[in-house]
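The structure under discussion appears below in the form of structure tokens.
The values are calculated or read from the model by the stated rules, or taken from the named source; none is laboratory data. Keep in mind that what you see is a predicted model, and the values were worked out from it rather than measured. All Cβ positions, glycine included, derive from the backbone under ideal geometry; neighbour counts span all protein chains shown. Calculation scope for accessible area: heavy atoms of the full protein, side chains included, ligands and nucleic acids excluded. Shrake-Rupley method; radii C 1.70, N 1.55, O 1.52, S 1.80 Å.
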Amino acid sequence: MSTRQIKPFNAIIFGGDGDLSKRKIIPAFFNRFIDCQLNMSFKIICVSRKSDDEAAFKKELMTFIAASVDNEIQPDKQNEFLAHVELLKIPETTVKDYSQLAKILRSQSEWQRVFYLSVPSTAFGEICKTLKASSLINHMSKVVLEKPLGNSLKSSKEINATISKAFKEKQVFRIDHYLGKETVQNIMVLRFANHLFERAWNAENIESVQITVAERLGVEKRAGYYDKTGALLDMVQNHLLQILCLVAMEPPSNLKPDTVRNEKLKVLESLRFFTKNNVQNNVVKGQYTRGTIDEDKVNSYLEDIEEYNSETETFVAIKTYIDNWRWKNTPFYLRTGKRMKKRYSDVVINFKTMPHNIFPDSKHPLKNKLIIRLQPEERIELVQLSKIPGPGGYRFKPISLKLDFVDSFNERMPDAYERLIIDILRGNQTLFMRHDELEAAWKWIESIKAVWKELPLNLYESGTWGPGDQVLDKAHKWQTN
Ligand code: BG6
């Protein structure tokens, strides 16, 4: 990774003592710091509504930071980094309560300011209004918005409208951490830097595309958030749709943020809407029950959240189409679930059968499959038929050509947040969602949400692949690993 240094900055994290900040955001800064990408002029101000116990906060922070690095941390490096971190208690979102923050920021008026809102989106409007009323936003300021951005098209439009009163669109960074993952970015490289695949990347050659994000974890400590959100909004509306955009978009003419985002927007706008009549056969929702994962017995979703009437889905499978020339009638299968058998995410490109079969004895259909494994082991796998050596005619076996990232590169795989915070500090919006992309995603999701309550909730045992196989499109066999 390049270590071009970042200009001096103040990063102000609202929700700074929250789980995401401790687990992902601050460790990402730390890793960039030990890679010498941050020069010595920076401060990370963690805003808390309740606490000002900085010593306890830093102690806790160190366990999260230690978990994010491969090697042991040198104590002097750790202390050097922590000297840049500050906990600031701001109980209320008022100009009066922001005065201490204003004092700190004005003492470094030439440093850029990144306001990172790691709080529920209902708080975004008030925070931005108060930052503006406190005169803390200047042309060098940026605002970072964590998902979910609202819970409907209407609320997301309202959020965008309030934010735009304080920040220009070029200052707004809507994070989807999947876009920061190396392997997700590699989809673009695979498609647009290699002749081989792009030629065949269309409905003429591809039978179907399958995108899976399977998790082993349950809801953990996020019951309050998750039960109001569910898998459709937590995962499909953002992460799965962003992956789908990268798989399906037309080649952008360059990597400028708006050029790439225009192409992604076209995909989102071409997604076929669901109607009351077709949603039943094309969308499946499920909720996990008790089960066993890797010999560990786990609770049901209802036991996890201690709320026994909840109908919130922890699994969604969708069959959809992109109505444009390239993808005419090619099904895209999206699937995500918690408490599944294994944690893995991948994109499977199923190629069509060869137009003519000269091997009539073959027991295998003559077709290829490209598997882009996004996590946990990052690799690209091309499944092709090969002749089994030996006399006696042509006998085939599907074998895989594998490109394993870990074997091919010596570099450590940085966490998605590391890439994203550096892009924010440099002002590069390519990997961040524009407001119209978000709204297009919401419009499509709302065509499902409109009939959500009418869809049956399929219970599935924890440690399985969920109910998708039985209910959705019997002709499609989900590729699992
Ligand atoms: C988050 C969701 O955005 O992504 C979580 O809110 C989910 O529910 C997480 O567990 C998955 O991210 P990753 O990087 O672990 O695949």
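Does ILE305 satisfy the condition of being within 16 Å of the ligand (Cβ to nearest atom), aliphatic (A, V, I, L, M) and farther than 18 Å from GLN237 by Cβ? Before you say what the answer is, go through the steps one by one.
Values: within 16 Å of the ligand (Cβ to nearest atom): yes; aliphatic (A, V, I, L, M): yes; farther than 18 Å from GLN237 by Cβ: yes.
Yes, satisfied.
Among the conditions (1) out of contact with any helix residue (DSSP H, G or I) (no Cβ under 6 Å at 6 or more places or on another chain); (2) within 17 Å of ASP234 (Cβ to Cβ); (3) not in a loop (DSSP other than H, G, I, E, B), the only one that GLU311 does not satisfy is (3). Could you go through region 220-231 and let me know if any residue there is of a type in the set (A, V, I, L, M), more than 16 Å from the ligand (Cβ to nearest atom) and either farther than 23 Å from ARG335 by Cβ or in contact (Cβ under 8 Å) with a residue 60 or more places away in the chain (or both). No, region 220-231 contains no residue that is of a type in the set (A, V, I, L, M), more than 16 Å from the ligand (Cβ to nearest atom) and either farther than 23 Å from ARG335 by Cβ or in contact (Cβ under 8 Å) with a residue 60 or more places away in the chain (or both). Condition check for THR122 on (1) in a helix (DSSP H, G or I); (2) buried (at least 20 other Cβ atoms within 10 Å of the Cβ): one failure, at (2). Tallying residues that are in contact with an Asp or Glu (Cβ under 7 Å, 6 or more places away or on another chain), open to solvent by 10 Å² or more (accessible area, probe 1.4 Å) and within 16 Å of the ligand (Cβ to nearest atom) within region 339-376 yields 1. Which one is least open to solvent (accessible area, probe 1.4 Å), of the residues in region 42-82 that are among the basic types (Lys, Arg) and over 28 Å from the mean Cα position of the chain (by Cα)? Checked region 42-82; the qualifying residue least open to solvent (accessible area, probe 1.4 Å) is LYS77. Of all residues in region 83-96, those that are surrounded by 14 or more Cβ atoms within 10 Å (Cβ to Cβ) and either in contact with a strand residue (DSSP E or B) (Cβ under 8 Å, 6 or more places away or on another chain) or closer than 28 Å to MET62 by Cα (or both) total 7. Candidates ASN262, ASN205: the one that is in contact with a strand residue (DSSP E or B) (Cβ under 9 Å, 6 or more places away or on another chain), over 21 Å from TYR417 (Cα atoms), open to solvent by 10 Å² or more (accessible area, probe 1.4 Å) and among the polar types (S, T, N, Q) is ASN205.
Restricting region 135-172 to residues that are modelled with pLDDT of 95 or more, of a type in the set (Gly, Ala, Ser) and not in a helix (DSSP H, G or I), which is nearest to the ligand (Cβ to nearest atom)? Among those that are modelled with pLDDT of 95 or more, of a type in the set (Gly, Ala, Ser) and not in a helix (DSSP H, G or I), it is SER141. Applying the condition of being of a type in the set (Lys, Arg) and assigned to a helix (DSSP H, G or I) to region 48-86 and asking which residue is farthest from PRO8 (Cα to Cα) yields LYS59. Name every residue in region 145-170 that is of a type in the set (A, V, I, L, M) and surrounded by fewer than 23 Cβ atoms within 10 Å (Cβ to Cβ), in order of residue number. Those that are of a type in the set (A, V, I, L, M) and surrounded by fewer than 23 Cβ atoms within 10 Å (Cβ to Cβ): LEU153, ILE159, ALA161, ALA166.
Conditions (1) open to solvent by less than 20 Å² (accessible area, probe 1.4 Å); (2) modelled with pLDDT under 95; (3) under 30 Å from GLY218 (Cβ atoms), marked per residue:
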position: LEU240; (1), (2), (3): yes, no, yes
position: PRO257; (1), (2), (3): no, no, no
position: LYS266; (1), (2), (3): no, no, no
position: THR292; (1), (2), (3): no, no, yes
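For ILE211, the criteria (1) within 12 Å of the ligand (Cβ to nearest atom); (2) within 15 Å of the chain's Cα centre (by Cα) hold in every case but one, which is (1). The residue of region 97-108 that is most open to solvent (accessible area, probe 1.4 Å), among those that are without any contact (Cβ under 8 Å) to a residue 24 or more places away in the chain and closer than 22 Å to LEU38 by Cα, is ARG106.
On the stretch given as region 15-56, residues that are in contact (Cβ under 8 Å) with a residue 60 or more places away in the chain and more than 22 Å from GLU220 (Cβ to Cβ) total 7.
Look at region 242-255 and say how many of its residues are outside any helix (DSSP H, G or I) and either surrounded by fewer than 21 Cβ atoms within 10 Å (Cβ to Cβ) or within 16 Å of the ligand (Cβ to nearest atom) (or both). Of the residues in region 242-255, 6 are outside any helix (DSSP H, G or I) and either surrounded by fewer than 21 Cβ atoms within 10 Å (Cβ to Cβ) or within 16 Å of the ligand (Cβ to nearest atom) (or both). Just a yes or no: is a residue in region 264-276 acidic (Asp, Glu) and under 17 Å from TRP442 (Cα atoms)? Checked against the condition, which is being acidic (Asp, Glu) and under 17 Å from TRP442 (Cα atoms), region 264-276 yields at least one hit.
With a requirement of 1 or more residues that are at pLDDT 90 or above and touching a strand residue (DSSP E or B) at 6+ places or on another chain (Cβ under 7 Å), the helices (runs of 4 or more DSSP H) lying completely within region 402-466 that satisfy it span 416-426, 435-449.
Taking each residue of region 170-194 that is closer than 24 Å to LYS142 by Cβ and looking for partners that are among the hydroxyl-bearing types (Ser, Thr, Tyr) and part of a helix (DSSP H, G or I) with beta-carbon atoms closer than 7 Å, six or more apart or interchain, yields HIS177/TYR417; GLY180/TYR417; VAL184/TYR178. State yes or no: is LEU196 farther than 30 Å from PRO8 by Cβ, more than 16 Å from the ligand (Cβ to nearest atom) and open to solvent by 10 Å² or more (accessible area, probe 1.4 Å)? Yes.
A quick yes/no check of all residues on (1) on the phi > 0 side of the Ramachandran plot; (2) surrounded by fewer than 17 Cβ atoms within 10 Å (Cβ to Cβ):
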position	(1), (2)
VAL172	no, no
THR183	no, no
ASN186	no, no
TRP201	no, no
VAL209	no, no
GLU220	yes, yes
TYR225	no, yes
THR229	no, no
